[in-house]
Structures are given as C-alpha cells and as structure tokens.
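Heads up, the thing below is written out as structure tokens.
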Amino acid sequence: MNYFLKIKKAYPPTRRGFLMVEVLVAVSIISVSILGAMAVTQKSVYISRQAVHANQATFLLEEGAEIVRILRDTNWSNVSGLTAGTIYYPIFTGGAWTLSTTPNTVGIFTRKVVISNVNRDNTTKDISITGTNDPLTKLFTITVFWSEGGVTITKTLPFYIIDIFS
C-alpha cells in the first residue's frame, strides 16, 4: 500500500490527464490533415475529369467540322439542301456521315449542327449582316454539350463552308 502512495505523490496534481490532452490534440491534427488531403484529392479528380470531358468535346467539335466538309466535298447539294435554323445531328450510317433531325448522343455528349445563310456586302463582297444572300457560302455552328455535376457545359465552333467546286 505504501508503494501506491509514493506513486501518487511523485506526480503533481496539475499534470494529471495531460497525456490524454496530448493524445486528443495529436488525433485532431492527424484527422484534420487526412480530411484536408482527401478534399484536395477529391477536387483534383473532379477537375481532371472535367479536363478529359472538355478534351473529348473538342475532338467531337473537330469531327463535326470534318463531317460538314465531307458532305460539302461529296456534293454541294448536301449542304445547300439543308434548312437554315434547323438543328441537325451527325449520324454515321451505312458507311457514310449524314445529318439527321433525330437527336443523337455520343456517350455523355450531344452534338448538334445548325446552318445559317450568309449575306455579302454588294460592293465589297465581304460577309456582312446586311446585303445579298450568298447561296455558295453557309455558316455552320457546331455545338457539343454535356452535363457535369448538375451543370450543362457547352462548347461551340462556328465556321464558314464555301462551295469550292463550282
């Protein structure tokens, strides 16, 4: 019994439980560090996924422009016969590209093509808002959009196509 009394007297009463406080502080610091690292990792995965999707969308835009060029090169009537303002969707059927009014998706992406008539200034022959309709030039706007984290992200590529074979 005398032994236990000596141990109690060896430690001052103010230091009792100090080890428990040190353990709690250490556990708190480690927990906050781990949670911070997890948050950074989660955000970097999300940003990486966004970058991959943006890259894929860019490729789909470029492919859409090539599809329109293929249609033009095959026959100008493939382009001139399209209705301005109508939304078209590129579809690969029967070994060839066509534009359809039926919605089409590629994975998570939806790609649409809109054609517009082009006017030219009567004196300078430059493309302008006013002027005479140029039936040998069309403005194509290709749009790729997808949903990411509850938000719809859109990429657009406008370009002109000219009947170079006439």
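Here is how the numbers come out for the structure above:
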read-out	value
Relative contact order for segment 16-162, counting Cα pairs under 8 Å that sit 6 or more residues apart, in percent	17 percent
Approximate spin-label separation residue 73-residue 128, in nm, with each point projected 7 Å along Cα-to-Cβ	3.4 nm
Crossing angle, helix 18-74 versus the chain [Cα axis fit, 0-90 degrees, rounded to tens]	10 degrees
Amide N of segment 127-161 lying under 15 Å from the label point, which is placed 7 angstrom from the Cα of residue 83 along Cα→Cβ	none
Dipole magnitude of segment 13-166 about its Cα centre (Cβ charges: Lys, Arg +1; Asp, Glu -1), debye to nearest 20	600 debye
Added length on full extension, which subtracts the Cα-Cα distance from 0.36 nm per residue, residue 24 to residue 51	5.7 nm
Charge-dipole axis of the chain as Lys and Arg at +1 and Asp and Glu at -1 on Cβ define it, positive-most pick from 127, 106, 27	27
Under the Karplus curve 6.51 cos²θ - 1.76 cosθ + 1.60, θ = phi - 60°, whole-Hz ³J(HN,Hα) for segment 96-108, x wherever Gly or Pro sits	9, 8, 9, 10, 10, 8, 7, x, 9, 10, 10, x, 8
Choice from 132, 101, 123 showing the highest fluctuation, given a GNM over the chain with Cα pairs closer than 10 Å	123
Proximal aspartates and glutamates to residue 125, defined as alpha-carbon separation beneath 18 angstrom and excluding residues fewer than eight positions away on the same chain	134, 163
Rounded, prolate or oblate (a/c below 1.5 giving rounded, otherwise prolate when a/b exceeds b/c) for the chain by Cα gyration tensor	prolate
Modelled FRET efficiency - R0 25 Å, residue 154 with residue 40, Cβ distances, 0.05 increments	0.30
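Readers should treat all values here as calculations from the given coordinates under stated rules, not as data from a laboratory. Note that the structure is predicted; figures quoted are calculated from it, not measured. No Cβ is skipped: glycine too gets one built from the backbone with ideal geometry, and neighbour counts run over all protein chains shown.
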